[in-house]
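Chemist: Dropping the structure in here first, questions after.
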Amino acid sequence: MSLTFHWFLPTNGDSRHVVGGGHGAPVTAAGGDRPPTVGYLTQIARAAEHLGFVGALTPTGAWCEDAWLTTAMVSQNTERLKFLVAFRPGFVSPTLAAQMASTYQRQTGGRLLLNVVTGGESHEQRGYGDFLDKDARYARTGEFLSIVRDLWDGKTVDLAGEHLRVEDAKLTRLPDPVPQIYFGGSSPAAGQVAARHAEVYLTWGEPPAQVARKIAWIRSLAAEQGRTVRFGIRLHVITRDTSDQAWAEARRLLDGFDPETVRAVQTGLGHSESEGQQRMLALHGGSLDNLEIHPNLWAGIGLVRGGAGTALVGSHAEVAERIAEYHSVGIDEFIFSGYPHLEEAYWFGEGVLPLLRDRGLWSHPFRTQTQPPTVQARFATSGKP
């Protein structure tokens, strides 16, 4: 089985420094270095498509551009790359969301994946008019996904739930293919929703032993529902020709962290209701020391950024080895990012993916033996310079 790799579209801006934001963290000024224009995001998307990433994740929240609108525009400038659109089910009706997804599939040739984000921060949810508490939000997410899935199956839906109500809901045009649901969360309520509805359960980049325990937990819950779930992980990456070069880049990023910014971000993140966010904070404890928490797993990003806060750091061979280690505990899909996202996509795509290909763990999803040979290959077979 070939591993699946996705990249990230930085719809909050990009930089040669870490761009903060999310889960109560302030958006740092570095995000203005490369504004998230359609033109720039298209550059990243085309690079990811060329290198062999299957899809690209876009975040959701007040700190970034809207994922639906942005990816719809970028999709018109790409050919095969899928878009893992993060959205919060409390902000739009389930019937409208099902219709939007169906339209997206027709207009892009089936390139939509959905990352359902229940919303971990009540103060941000209230800004959007959502006043449910965290457990109630998860209950509503379950009702939302039940309605959406039935609509995608062509059913007429009548549901009077605790949080959502629809009557005679139906779609006149069904999505083809039906978008796969990606879902993450570390709380008991999140686990139940994932077990019932997710095709892919996502976790942030904790050490492999902790990831293995999460996988066992979700597998058990899914088995109780008579279902199986695939597993993915969200990480940053800094990979170079040598380990020293990669760690030098990590130190450069760390040296750019303003102490006041670190304190402000850690204070904000400390109030997060997200169990996943609290697990990220526990990996570094707000300290700039001892940030390599597992071989080649660096927790420095989480000092100034909410959400995914760890990075794989090392030579191309070392990063490939860590990917194989995560795969050995059950991870089949990887969502990576790096600063800046355009350049780091090439470092990973040209440095690590060929090593994984040689190990039989990956093959380029968009290339076949029937494609024309490269210029170099034509020269080699013709004998001409």
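Chemist: Mind telling me which of the residues Leu312, Leu342 ends up being open to solvent by 10 Å² or more (accessible area, probe 1.4 Å), among the hydrophobic types (A, V, I, L, M, F, W, C) and under 30 Å from Leu114 (Cβ atoms)?
Modeler: Sole residue among the options that is open to solvent by 10 Å² or more (accessible area, probe 1.4 Å), among the hydrophobic types (A, V, I, L, M, F, W, C) and under 30 Å from Leu114 (Cβ atoms): Leu342.
Chemist: Search segment 185-196 for residues being modelled with pLDDT of 95 or more and open to solvent by 20 Å² or more (accessible area, probe 1.4 Å), and hand back the single one that is farthest from Glu206 (Cα to Cα).
Modeler: Taking the candidates together, the pick is Arg196.
Chemist: Moving on to the next point. Among (1) surrounded by 20 or more Cβ atoms within 10 Å (Cβ to Cβ); (2) of a type outside the set (A, V, I, L, M, F, W, C); (3) on the phi > 0 side of the Ramachandran plot, there is one condition Ser272 misses while meeting the rest; what is its number?
Modeler: For Ser272, the exception is condition (3).
Chemist: May I ask you to say which residue of Trp204, Trp217 is farther than 20 Å from Arg140 by Cβ, surrounded by fewer than 19 Cβ atoms within 10 Å (Cβ to Cβ) and in contact with a Gly (Cβ under 7 Å, 6 or more places away or on another chain)?
Modeler: Matching residue, one of Trp204, Trp217: Trp217.
Chemist: Does Glu162 satisfy the condition of being of a type in the set (Asp, Glu) and either in contact with a Gly (Cβ under 6 Å, 6 or more places away or on another chain) or within 17 Å of Ala86 (Cα to Cα) (or both)?
Modeler: no
Chemist: Here is a follow-up. Would you call Thr267 more than 21 Å from Leu145 (Cβ to Cβ), open to solvent by less than 70 Å² (accessible area, probe 1.4 Å), β-branched (Val, Ile, Thr) and modelled with pLDDT under 95?
Modeler: no
Chemist: Within the set of pairs 6 or more residues apart or between chains, which connect a residue that is farther than 27 Å from Leu41 by Cβ and part of a helix (DSSP H, G or I) inside segment 319-344 to a residue that is modelled with pLDDT under 95 and open to solvent by less than 20 Å² (accessible area, probe 1.4 Å) with Cβ atoms less than 7 Å apart?
Modeler: Close Cβ pairs (under 7 Å, with a partner that is modelled with pLDDT under 95 and open to solvent by less than 20 Å² (accessible area, probe 1.4 Å)) do not exist here.
Chemist: Is it the case that some residue within segment 143-164 is hydroxyl-bearing (Ser, Thr, Tyr), under 19 Å from the mean Cα position of the chain (by Cα) and either surrounded by fewer than 15 Cβ atoms within 10 Å (Cβ to Cβ) or not in a loop (DSSP other than H, G, I, E, B) (or both)?
Modeler: No.
Chemist: Of the conditions (1) at pLDDT below 90; (2) farther than 30 Å from Gln180 by Cα, Gly276 fails just one. Which one is it?
Modeler: Failing condition for Gly276: (2).
Chemist: Additional query: So which of Arg252, Arg240, Arg230, Arg279 is open to solvent by 20 Å² or more (accessible area, probe 1.4 Å), in contact with an Asp or Glu (Cβ under 8 Å, 6 or more places away or on another chain) and either among the polar types (S, T, N, Q) or more than 23 Å from Val117 (Cβ to Cβ) (or both)?
Modeler: Among Arg252, Arg240, Arg230, Arg279, only Arg240 is open to solvent by 20 Å² or more (accessible area, probe 1.4 Å), in contact with an Asp or Glu (Cβ under 8 Å, 6 or more places away or on another chain) and either among the polar types (S, T, N, Q) or more than 23 Å from Val117 (Cβ to Cβ) (or both).
Chemist: For Thr172, are the conditions met, namely being under 26 Å from Val237 (Cβ atoms) and polar (S, T, N, Q)?
Modeler: Here the answer is no, as Thr172 does not meet what is asked.
Chemist: Still on this structure, please answer the following. When you check Ile293 against the structure, is it of a type in the set (Val, Ile, Thr) and within 21 Å of Arg16 (Cα to Cα), yes or no?
Modeler: No: the conditions fail for Ile293.
Each row is one residue, and each column tells you yes or no for (1) touching a helix residue (DSSP H, G or I) at 6+ places or on another chain (Cβ under 9 Å); (2) closer than 27 Å to His163 by Cβ.
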{"residue": "Gly13", "(1), (2)": "yes, no"}
{"residue": "Val27", "(1), (2)": "no, no"}
{"residue": "Asp33", "(1), (2)": "no, no"}
{"residue": "Thr42", "(1), (2)": "yes, no"}
{"residue": "Ala62", "(1), (2)": "yes, yes"}
{"residue": "Thr71", "(1), (2)": "yes, no"}
{"residue": "Asn77", "(1), (2)": "yes, no"}
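Chemist: Right, here's the next one. I'd like the full set of residues that are assigned to a loop (DSSP other than H, G, I, E, B), in contact with a Phe, Trp or Tyr (Cβ under 9 Å, 6 or more places away or on another chain) and surrounded by 20 or more Cβ atoms within 10 Å (Cβ to Cβ), limited to segment 283-304.
Modeler: Matches in segment 283-304: Leu291, Val304.
Chemist: Being over 30 Å from Arg251 (Cα atoms) and open to solvent by 30 Å² or more (accessible area, probe 1.4 Å), is that true of even one residue in segment 7-23?
Modeler: No, because not a single residue in segment 7-23 is over 30 Å from Arg251 (Cα atoms) and open to solvent by 30 Å² or more (accessible area, probe 1.4 Å).
Chemist: Would you call Val237 on the phi < 0 side of the Ramachandran plot, among the β-branched types (Val, Ile, Thr) and either touching a Cys at 6+ places or on another chain (Cβ under 7 Å) or not in a helix (DSSP H, G or I) (or both)?
Modeler: Judged against the criteria, Val237 is a match.
The values are calculated or read from the model by the stated rules, or taken from the named source; none is laboratory data. Just so we're clear, the structure is a prediction, and the values are computed from it rather than from any experiment. Note that each Cβ is placed from the backbone with ideal geometry, even for glycine, and that neighbours are counted across all protein chains shown. Only protein heavy atoms, including side chains, enter the accessible area calculation; ligands, DNA and RNA are left aside. Shrake-Rupley method; radii C 1.70, N 1.55, O 1.52, S 1.80 Å.
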